[in-house]
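Asker: Let me begin by handing over the structure; questions about it come next.
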Amino acid sequence: MDELVSLCKRRGFVFPASDIYGGINGFWDYGPLGVALKNNIRDSWWRNTVECPPIGPDGEPVSIVGLDSAIIQNPKVWKASGHVDGFSDPMVDCTETKKRYRQDHLELLVPKSGEGLMYAFPENQPDLIAAKLKQARVDHSLFETVTLPEIPVSSYDRVVAPDSKNAGTLTPPRAFNLMFETYIGAIRHEDHKAYLRPETAQGIFLNYKNVLDTMRVKIPFGIAQIGKSFRNEVAPKNFIFRSREFEQMELEWFCPPDEAQTWYQFWKEQRMLWWLSLGINANNLIFRDHDADELAHYSNACVDIEYRYPFTFPGFGELEGIAHRGNYDLTAHQNHSRTKMEYFDQAAQLAAKEAGLDKEDIARKSRYIPHVIEPAGGLTRALLTILCEAFTPDETRPSKVVMKFKPNLAPITAAIFPLINKDGLPEIARGIYQKLRQKYTLQYDAKQSIGKRYARMDEAGTPYCFTIDGDTPQDHSVTVRDRDTAEQHRIAIDRVDEFLAEKMLS
Ligand code: ATP
């Protein structure tokens, strides 16, 4: 991870926000290569979800429209959605080190005998605890691991917090709301308090009626949105994995209650296929179904798609959640706003009549508040995933590392190099560059040795470099170097366009 973070800074993928002022915890800036990569991931999601959505069970593309809703909404929205009262994490403080932890992110070594001290450590950090036990001269095998919420608060006096010397320094858990607050207008008064959205999903529920009334959509259909979300995370960590300002890609799929289970399975499969289409190795992705006690009270089912991050290795961490939310959100907004969210399903009514159902069943099938399946992924977390997946150490190369992005995601598709900056070579190289720059993201570079230029492109993850050399003026061909194999071969200048077009599709 340290090497990846340093490459990201060195090569302009991700910078700490407010870097020259010492940074600001939980915030990041995306540099020239980072924003290019992020936009390519975003565009792939939008294309795959809104412009060219998947084929549904009936053989036709499913119907999805896009949306871009405001980040700040009427604060009543967050009351209705449950975020004002419920969107909080239980936190414990260490009175000795002044550090604050999410209660469910602390693991605990508990003596199997039930007697003696317990040792807390941040999740997924077994090395830390091994060192601590060694220091305390305690045998690891005499302990078992649980999470902090599993023990009663009355036993906290026997817990040694991470980095603390003494037991009993952890406070009982307190709820900490994750929403960022702001004030609207000139007066800083409670009545003018508003929130930065902690998820993009609610903006979609707010516009469900608008979309239904203005677009010619029928249930089942979806509304998709990509945008910034803000959470005052107590412990932002693992680079951009958990930050306080991040981007989400969310789809709310509205369907008849009877079909929700079928669509839940459909979206589960489709979302995994999309992640695989980004070139992520299937061995690094898993589904993790939520246990019944993990589900929100309104949710019927939830599954996470998890990725094997370097900091969770050999385990996995969340990348996207796919939730069956029932009609919880639309019902909550109907109750709070007094706007009817019911849908009249003419086709279902006809079908029910034809099937000879009784009056009550016909009414139930044709008038309902739709159920919702929600695939909710992180865009900035997707960027991290693609960076981790692409990062390939290679001691044989001058750069020592190659970023193996798929050609259609790479921030720079190809580089055009004149071997030397004279003898007419720059003119030919610029000609190729000028001709193709409208179609591909190209970089023209005539400085430094060719080896140094290749090394820069390996770190930037540029899949192809075209070099114009002394033979080019005679044979009208160039050398193309493949980033992944470092192999080179010659192709005709006229074929460069076709070559790149083919690679972008693969
Ligand atoms: P967690 O339990 O880890 O706090 P969550 O389950 O609340 O996360 P969701 O509300 O389901 O997360 O958000 C959907 C997606 O948004 C997540 O799968 C993740 O990719 C992304 N996401 C959520 N919180 C953050 C964050 N603080 N930083 C970056 N991405 C995030």
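The values are calculated or read from the model by the stated rules, or taken from the named source; none is laboratory data. Predicted model, so just to flag it, every value in this text is computed and none were measured. A quick note on method: Cβ atoms are made from the backbone with ideal geometry, for glycine too, and the neighbour counts reach across all protein chains shown. Heavy atoms of the whole protein, side chains included, go into the accessibility calculation; ligands, DNA and RNA do not. Shrake-Rupley method; radii C 1.70, N 1.55, O 1.52, S 1.80 Å.
Asker: For segment 457-506, how many residues meet the condition of being within 23 Å of residue 32 (Cα to Cα), in contact (Cβ under 8 Å) with a residue 60 or more places away in the chain and assigned to a loop (DSSP other than H, G, I, E, B)?
Answerer: Result for segment 457-506: 3.
Asker: Hey, another quick one. Within segment 408-416, identify whether any single residue is exposed (fewer than 14 other Cβ atoms within 10 Å of the Cβ) and either out of contact with any Pro (no Cβ under 7 Å at 6 or more places or on another chain) or of a type in the set (Lys, Arg) (or both), and answer yes or no.
Answerer: No, segment 408-416 contains no residue that is exposed (fewer than 14 other Cβ atoms within 10 Å of the Cβ) and either out of contact with any Pro (no Cβ under 7 Å at 6 or more places or on another chain) or of a type in the set (Lys, Arg) (or both).
Asker: Which one of 321, 377, 326, 317 is farther than 23 Å from residue 8 by Cα and within 12 Å of the ligand (Cβ to nearest atom)? Steps first, please.
Answerer: Details: 377 fails: farther than 23 Å from residue 8 by Cα; 326 fails: within 12 Å of the ligand (Cβ to nearest atom); 317 fails: farther than 23 Å from residue 8 by Cα.
Just a single option satisfies the conditions, and that option is 321.
Asker: Can you pull out the residues in segment 206-256 that are in contact with a strand residue (DSSP E or B) (Cβ under 6 Å, 6 or more places away or on another chain), among the acidic types (Asp, Glu) and farther than 18 Å from residue 23 by Cβ?
Answerer: 247, 250, 252 - these are the residues of segment 206-256 that are in contact with a strand residue (DSSP E or B) (Cβ under 6 Å, 6 or more places away or on another chain), among the acidic types (Asp, Glu) and farther than 18 Å from residue 23 by Cβ.
Asker: For residue 364, state whether it is free of Cβ contacts under 8 Å to residues at least 24 places away in the same chain and not assigned by TED's automatic domain parsing to the domain that holds residue 451.
Answerer: Details: free of Cβ contacts under 8 Å to residues at least 24 places away in the same chain: yes; not assigned by TED's automatic domain parsing to the domain that holds residue 451: yes.
Judged against the criteria, residue 364 is a match.
Asker: So which strands (runs of 3 or more DSSP E) are wholly in segment 248-358 and hold at least 1 residues that are in the same structural domain as residue 43 (by TED's automatic domain parsing) and touching a Pro at 6+ places or on another chain (Cβ under 6 Å)?
Answerer: In segment 248-358, the matching strands (runs of 3 or more DSSP E) lie at 317-326.
Asker: Still on this structure, I have one more. I need a count of the residues in segment 42-91 that are among the hydroxyl-bearing types (Ser, Thr, Tyr) and in contact with a helix residue (DSSP H, G or I) (Cβ under 6 Å, 6 or more places away or on another chain). Quick ask: steps written out before the conclusion?
Answerer: Initially, segment 42-91 is screened for residues among the hydroxyl-bearing types (Ser, Thr, Tyr), giving 44, 49, 63, 69, 81, 88.
If we keep only those that are in contact with a helix residue (DSSP H, G or I) (Cβ under 6 Å, 6 or more places away or on another chain) as well, we get 69, 81.
Of the residues in segment 42-91, 2 are among the hydroxyl-bearing types (Ser, Thr, Tyr) and in contact with a helix residue (DSSP H, G or I) (Cβ under 6 Å, 6 or more places away or on another chain).
Asker: Something else now. Please verify whether residue 277 is farther than 28 Å from residue 49 by Cα, in contact with a helix residue (DSSP H, G or I) (Cβ under 9 Å, 6 or more places away or on another chain) and modelled with pLDDT of 95 or more, treating the condition exactly as stated. Explain how you work it out, then say what you get.
Answerer: Values: farther than 28 Å from residue 49 by Cα: no; in contact with a helix residue (DSSP H, G or I) (Cβ under 9 Å, 6 or more places away or on another chain): yes; modelled with pLDDT of 95 or more: yes.
Considered against the rule, which asks whether it is farther than 28 Å from residue 49 by Cα, in contact with a helix residue (DSSP H, G or I) (Cβ under 9 Å, 6 or more places away or on another chain) and modelled with pLDDT of 95 or more, residue 277 comes out as no.
Asker: Take residue 178 and decide whether it is open to solvent by less than 60 Å² (accessible area, probe 1.4 Å), touching a Lys or Arg at 6+ places or on another chain (Cβ under 6 Å) and aliphatic (A, V, I, L, M).
Answerer: Values: open to solvent by less than 60 Å² (accessible area, probe 1.4 Å): yes; touching a Lys or Arg at 6+ places or on another chain (Cβ under 6 Å): yes; aliphatic (A, V, I, L, M): yes.
Yes: the conditions hold for residue 178.
Asker: Which one of these does residue 377 not meet: (1) buried (at least 22 other Cβ atoms within 10 Å of the Cβ); (2) more than 30 Å from residue 213 (Cβ to Cβ)?
Answerer: (2)
Asker: Tally the residues that are open to solvent by 40 Å² or more (accessible area, probe 1.4 Å) and among the aliphatic types (A, V, I, L, M), restricting the search to segment 425-465.
Answerer: 2
Asker: Let me ask another. Suppose we keep only residues that are over 18 Å from residue 318 (Cβ atoms) and of a type in the set (Asp, Glu) within segment 246-268. Which one would you say is nearest to the ligand (Cβ to nearest atom)?
Answerer: In the first step, residues of segment 246-268 are kept if they are over 18 Å from residue 318 (Cβ atoms); the result is 252-263, 265-266.
Among the residues that remain, those that are also of a type in the set (Asp, Glu) are: 252, 258-259.
Numbers: 252: 13, 258: 26, 259: 23 Å.
If we take residues in segment 246-268 being over 18 Å from residue 318 (Cβ atoms) and of a type in the set (Asp, Glu), then 252 is nearest to the ligand (Cβ to nearest atom).
Asker: Among 177, 166, which is within 28 Å of the chain's Cα centre (by Cα) and of a type in the set (S, T, N, Q)? Let's see the steps before the verdict.
Answerer: Values: 166 fails: within 28 Å of the chain's Cα centre (by Cα).
Going through 177, 166 in turn, just one is within 28 Å of the chain's Cα centre (by Cα) and of a type in the set (S, T, N, Q): 177.
Asker: Checking residue 403 against (1) surrounded by 17 or more Cβ atoms within 10 Å (Cβ to Cβ); (2) touching a Pro at 6+ places or on another chain (Cβ under 8 Å), which test does it fail?
Answerer: In the conditions (1) surrounded by 17 or more Cβ atoms within 10 Å (Cβ to Cβ); (2) touching a Pro at 6+ places or on another chain (Cβ under 8 Å), residue 403 misses (2) alone.
Asker: Does at least one position in segment 280-289 carry a residue that is near the ligand (Cβ under 10 Å from one of its atoms), within 16 Å of the chain's Cα centre (by Cα), modelled with pLDDT of 95 or more and surrounded by 18 or more Cβ atoms within 10 Å (Cβ to Cβ)? Steps first, please.
Answerer: Just the residues of segment 280-289 that are near the ligand (Cβ under 10 Å from one of its atoms), to begin with: none.
The answer is no; no qualifying residue exists.
Asker: Another question, then. Among 148, 133, which is the only one that is in contact with a His (Cβ under 6 Å, 6 or more places away or on another chain), open to solvent by less than 40 Å² (accessible area, probe 1.4 Å) and more than 17 Å from residue 237 (Cα to Cα)? Show your work before the answer.
Answerer: Working: 148 fails: in contact with a His (Cβ under 6 Å, 6 or more places away or on another chain).
Just one listed residue meets the conditions, 133.
Asker: Hey, any hits in segment 388-400 for a residue that's within 16 Å of the ligand (Cβ to nearest atom), within 22 Å of the chain's Cα centre (by Cα) and within 16 Å of residue 459 (Cβ to Cβ)?
Answerer: So in segment 388-400, the residues within 16 Å of the ligand (Cβ to nearest atom) come out as 388-389.
Retained after the next criterion (residues that are within 22 Å of the chain's Cα centre (by Cα)): 388-389.
With the extra rule that they be within 16 Å of residue 459 (Cβ to Cβ), the set shrinks to 388-389.
Yes, segment 388-400 contains a residue that is within 16 Å of the ligand (Cβ to nearest atom), within 22 Å of the chain's Cα centre (by Cα) and within 16 Å of residue 459 (Cβ to Cβ).
Asker: Moving on to the next point. Which residues, taken from segment 380-398, are buried (at least 16 other Cβ atoms within 10 Å of the Cβ) and either hydroxyl-bearing (Ser, Thr, Tyr) or closer than 18 Å to residue 276 by Cβ (or both)?
Answerer: 380, 381, 382, 383, 384, 385, 386, 387, 388, 389, 390
Asker: In addition: If you check residue 330 against the conditions, is it open to solvent by less than 40 Å² (accessible area, probe 1.4 Å) and in contact with a Ser or Thr (Cβ under 9 Å, 6 or more places away or on another chain)? Explain how you work it out, then say what you get.
Answerer: On the way: open to solvent by less than 40 Å² (accessible area, probe 1.4 Å): yes; in contact with a Ser or Thr (Cβ under 9 Å, 6 or more places away or on another chain): no.
Taking the combined requirement at face value, the residue does not satisfy it.
Asker: Of the numbered conditions (1) under 30 Å from residue 311 (Cα atoms); (2) modelled with pLDDT under 95; (3) more than 16 Å from the ligand (Cβ to nearest atom), residue 235 fails exactly one; give the number of that condition.
Answerer: (3)
Asker: Within segment 306-347, restricting attention to residues that are without any contact (Cβ under 8 Å) to a residue 40 or more places away in the chain and hydrophobic (A, V, I, L, M, F, W, C), which residue is nearest to residue 362 (Cα to Cα)?
Answerer: This residue is 344.
Asker: Select from segment 204-219 the residues that are open to solvent by less than 40 Å² (accessible area, probe 1.4 Å) and away from the ligand (no atom under 14 Å from the Cβ) and list them in ascending order. Reasoning before the result, please.
Answerer: Filtering segment 204-219 for residues open to solvent by less than 40 Å² (accessible area, probe 1.4 Å) gives 204-205, 207-208, 211-212, 217, 219.
Within segment 204-219, 205, 207, 208, 211, 212, 217, 219 qualify.
Asker: Among (1) over 16 Å from the mean Cα position of the chain (by Cα); (2) away from the ligand (no atom under 13 Å from the Cβ); (3) modelled with pLDDT of 95 or more; (4) open to solvent by less than 40 Å² (accessible area, probe 1.4 Å), which single condition is residue 302 missing?
Answerer: The single condition residue 302 does not satisfy is (2).
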